[in-house]
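Q: This is the structure, below, for whatever I ask next.
The values are calculated or read from the model by the stated rules, or taken from the named source; none is laboratory data. The shown structure was predicted, so the numbers you read here are calculated from the model rather than taken from an experiment. In this analysis, Cβ positions are derived from the backbone assuming ideal geometry, glycine residues included, and neighbour counts consider all displayed protein chains. Surface areas here come from the heavy atoms of the whole protein model, side chains and all, with no ligands, DNA or RNA. Shrake-Rupley method; radii C 1.70, N 1.55, O 1.52, S 1.80 Å.
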Amino acid sequence: MNDFAAAEDGKYLLKNEKYEVLDNIKSSVPWLIKTFCKDRLIKKLGFEDIDMSDLYFPSYAFQYISPGGNSSMSCSITLNVKNLNKLVIYMSDLIKFKNSVAGQRALMTSKLREKIKERDNYICQECSISALTTRNLLLEIDHIIPVSKGGLSSEDNLQTLCWKCNRTKGAKTTGVYA
Ligand SMILES: [Zn+2]
């Protein structure tokens with residue numbers, strides 16, 4: 001869930017970046033090209049559409065057929081960020097997540113991620129870079145004590161890191177414990 005949400009954020013930031021670049025060169029591109037070759041221009045500039053929706057959000061199909069075979073019902077659900085959030089909230093009411101690593105990871109809802117970022121003023125707690133002053137900075141939520149070491153998805157064990165510091169921390173942690 002945490003990774004999915006971070007990937008979604010990244011996708012959004014990349015899109016922003018693309019529109020800003022296009023906006024900046026707008027006045028120096030002839031209108032003929034803008035009007036008739038917009039897609040090609042975007043391709044030539046090196047932008048490609050990112051569509052990760054069917055890449056890694058698993059889709060589940062459910063089908064019911066009555067014993068007599070006379071009636072049937074089916075539906076399919078894609079586990080995207082929105083549905084994962086709903087699932088996490090539903091499951092956390094039914095299951096005691098406390099002692100499960102997977103459960104602690106799953107408890108990171110989009111809402112909790114936003115709450116932590118807001119609490120930390122959108123500032124990386126490691127290098128102090130701020131998303132408010134640095135355009136398109138990707139912030140991620142980090143478990144201070146890793147979940148694999150018994151850390152919980154509770155507010156006091158969560159902090160905001162920029163993606164760079166988060167990668168560095170990951171590398172260090174594996175380095176030490178590998
Ligand atoms: Zn940082």
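Q: Show me the ranking of peptides 59-71, 107-119 by mean Cβ neighbours inside 10 Å, starting with the highest.
A: 107-119, 59-71
Q: Using a 1.4 angstrom probe with every protein chain in place, what is the largest-first accessible-area order of Thr160, Thr168, Thr133?
A: My answer, sorted largest first, is Thr133, Thr168, Thr160.
Q: Hey, another quick one. Hey, which lysines would be in cross-link range of Lys86, C-alpha to C-alpha under 29 Å, not counting anything within fewer than 8 residues on its own chain?
A: Output for Lys86: Lys11, Lys15, Lys96, Lys98, Lys111, Lys115, Lys117, Lys149.
Q: With the other protein chains left in place, how much accessible area per residue, in square angstrom, belongs to the chain at a 1.4 angstrom probe?
A: About 71 Å² of surface per residue is accessible.
Q: How would the chain be classified by its alpha-carbon gyration tensor: rounded, prolate or oblate, with rounded meaning a/c under 1.5 and the a/b versus b/c comparison settling the rest?
A: oblate
Q: Okay, moving on. Suppose only helical runs count, i.e. DSSP H with n ≥ 4. What mean residue ellipticity at 222 nm does that imply for the chain under -39500 (n - 2.57) per run, divided by all residues and rounded to the nearest 500 deg cm²/dmol?
A: It comes out at -14500 deg cm²/dmol, rounded to the nearest 500.
Q: Kindly state, to the nearest 0.05, the FRET efficiency for Ser154 paired with Ala61, given R0 = 25 Å and r defined as their beta-carbon distance.
A: 0.10
Q: Out of residues 5 or more away from Leu139 or on other chains, whose amide H comes under 5 Å of its own, with H placed 1.01 Å from N in the peptide plane?
A: Here nothing satisfies the definition.
Q: Follow-up. Give me, ordered by chain and number, the residues 5 or more places off Thr78 or on other chains with an amide H under 5 Å from its own placed amide H.
A: For Thr78, whose amide H was placed from the backbone, the distant partners under 5 Å are Tyr60.
Q: Please give every one of the aspartates and glutamates within straight-line cross-link reach of Lys34, meaning a C-alpha to C-alpha distance under 14 Å, and leave out same-chain neighbours fewer than 8 residues apart.
A: Here the aspartates and glutamates satisfying the reach criterion relative to Lys34 are Asp23.
Q: In nm, give the distance between the simple-model label positions of Ile25 and Ile144, each being 7 Å from the Cα along the Cα-to-Cβ direction.
A: Calculated label separation equals 4.5 nm.
Q: Going 7 Å from the Cα of Leu79 along its beta-carbon direction, which residues of the range 99-138 have the amide nitrogen within less than 16 Å of the resulting point?
A: Answer for the range 99-138: 101-110.
Q: Would you mind telling me which residue in Asn16, Asn83, Asn24 has the biggest mean-square fluctuation in a Gaussian network model of the chain, where springs connect alpha carbons within a distance under 10 angstrom?
A: Asn24
Q: What percent does the relative contact order of the chain come to when contacts are Cα pairs within less than 8 Å and at least six residues apart?
A: 20
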